1. Tell me, how many Å apart are the Cα centres for the range B:72-120 and for the range A:150-169?
2. Nearest 100 Å² is fine: how much accessible area is buried between B and A, summed over both sides, with a 1.4 Å probe?
3. Compute the label-point distances linking B:Asp127 to its equivalents in the other copies; points lie 7 Å from Cα along Cα→Cβ; give nm, one decimal, shortest first.
4. What residue in chain B has the Cβ closest to the axis turning B into A, and how close is it in whole Å?
5. Mind pulling the angle between the C-alpha long axis of helix B:270-279 and the longest principal axis of chain B? Nearest 10 degrees, somewhere in 0 to 90.
6. Got a sec? Which residues of the range A:76-99 lose 20 Å² or more of accessible surface with every protein chain in place, vs. that chain alone, 1.4 Å probe?
7. With a probe of 1.4 Å, find how much accessible area the range A:209-254 has per residue, and write the answer as a whole number in Å².
8. What percentage of the solvent-accessible surface of the range B:201-241, computed with a 1.4 Å probe over protein heavy atoms, is contributed by carbon and sulfur atoms?
There are 2 protein chains.
Amino acid sequence: MKALCVTDGGLTLSEVPAPKPRGNEALVRVSMAGVCTTDLEIVRGYMHFRGILGHEFVGRVDQTNDPRMIGRRVVGEINVGCGTCRLCKRKLERHCNTRAVLGISEKDGCFAEYLTLPLRNLHRVPDVLEDKLLCFVEPIAACYEMLEQVTVMQGDRVAVLGDGKLGILAAQVLNHLCADTVLVGINERKLAVARSCGLLTARSSELEPKSFDLVVEATGASAGMCVAVKLVRPRGPIILKSTYHGDLVLNAAQLVIDEIKVVGSRCGPFEPAIAALAGGAVNVLPLIDAVFPLDEGVAAIKDAQRPERLKVLIAMNAKATP
Amino acid sequence: MKALCVTDGGLTLSEVPAPKPRGNEALVRVSMAGVCTTDLEIVRGYMHFRGILGHEFVGRVDQTNDPRMIGRRVVGEINVGCGTCRLCKRKLERHCNTRAVLGISEKDGCFAEYLTLPLRNLHRVPDVLEDKLLCFVEPIAACYEMLEQVTVMQGDRVAVLGDGKLGILAAQVLNHLCADTVLVGINERKLAVARSCGLLTARSSELEPKSFDLVVEATGASAGMCVAVKLVRPRGPIILKSTYHGDLVLNAAQLVIDEIKVVGSRCGPFEPAIAALAGGAVNVLPLIDAVFPLDEGVAAIKDAQRPERLKVLIAMNAKATP
């Protein structure tokens, strides 16, 4: 099969053997996949990953032990725990110390014609939702993770820092609970996309210090963290919702004086994400900038690296960009 | 009256007018006070404070509107909020944006014969507790603050990083709830003091990574924060319980991947701290290295700056070091 691989020599489109499902795994024929900022970081060396890139996908089950699942349209959770350790037994498989992560660590990813995942990682999805919407389930799930980590109440003032794709998704998820969630950014085009998704937008200098009950840092940069510390109210939480590569420099005195809580946040629950897409709580179409065929996968990644880009998708069976 | 003042020219013992209580304030005749690491940071320039230093004290009420309080032995909370803002009305006076803080910001402190504080800031203390014990109420209260910020359960594995006075107090407060709390340090003498207070001690290299349900960072240094990130379990909290001067460098990727929570922690509730001293839950006597008379206040601060020192006290009416 064709696959987009991270190698010592860089990113290449290669012909590789299709994976073989083992034990409780399913073989999934991938139909479409999304390029995430984490993929771009991996291409730059993050996680020292070698193998097939990609972890946001939708596809159909091709082979598995459970005949009821054959042919089902699915999306998939990306962490594969050992299933036996203390964390896995507490349903914290996402934090298993020896986990593999699809396209990120110890497991080939979804920028390929086929992938394997344990059946328990797969979620069936409604036929009514198009492939290009379902490529957003994984990042939207990551946004719902925030709601499992901090208490958000109607009427809370929320600011999301970062006009990238994750920032715009996170702001929509929070805006559904807390109207007037503000997306803070600097790129006029991306801010316009955010507004077309129904969000309020602002520059950080326009906002009152210490006035937000929750701040989400989705810029991935120390400068964003400085703004977050300025905007959050005393005792308020700052959620780190981004891929960081390198160190973050923090004004620790302010964290202590204002008793601020900084909460790292990663993968999240798929059910509310699928429901949000189905129910229209999150609008993803304005974020899609391009769809490339897998044959042009290297060009797709290069395109996604352009700073003005939001979402780039890869269609496995398409032959031309729609 | 005599007072130990931070001036543009450095720390000096000066003769200054005694403060006059206003409105709801009490005039307190200070009997003994404790030197905190924050005081040493202020002498080095932290907070740009100018005025009388010191915020840990015990004394007797000398003047006030409430005749029942005259002559009472008291300790005092150090934050003085405006009393009218949104935060003050939510009992978050400790976080009032325009607060004064005894000996730290906008208010003269306790290294003096007299101080003033609003009556509502004062707590009566049992006569059975000696002055030198009561000088620890404020820092022990700061340790109880942690229990209001994170959920700690019996059986949780707890590590406290930092063999300074706050680390040893924090470890004792947590050890009372979670037996086998480990104090992590590098100074053999201070670790011996910690053991004499009933604590387990260790070097960080002896501890299993990701095995602690709660880690308290009380070293005040980036290196301590690195160790904290290594030791805490996925999704576990790290409490920042120290005075930081300057930036803290963090491995943000690890915070996100392990979904770690970093919680700044400052002043806390006085009631449980007084009860802990009265009930023997916290043993402070082994931490006292010296008691200086106020006349030798400059020497007291110099002594407290020595790296091997734990607690240095200042007795307002004593004439010689006991």
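The values are calculated or read from the model by the stated rules, or taken from the named source; none is laboratory data. A quick note: this is a predicted structure, and the numbers were derived from the prediction, not measured. Using ideal geometry, Cβ is built from the backbone for each residue, glycine included, and neighbour counts are taken over all protein chains shown. Surface accessibility is based on the protein's heavy atoms, side chains included, excluding ligands, DNA and RNA. Shrake-Rupley method; radii C 1.70, N 1.55, O 1.52, S 1.80 Å.
1. Here the two parts' Cα centres lie 34 Å apart.
2. The buried area between B and A, both sides summed, comes to about 3300 Å².
3. So the label point of B:Asp127 gives 8.7 nm to the other copies.
4. Smallest Cβ distance to the axis, with its residue: B:Val262, 2.
5. So the helix axis and the longest Cα principal axis differ by about 80 degrees.
6. Residues passing the criterion (a loss of at least 20 Å², heavy atoms only) are A:Arg86, A:Leu87, A:Arg90, A:Leu92, A:His95, A:Asn97, A:Arg99.
7. 29
8. Carbon-and-sulfur percentage of accessible area, whole number: 51.
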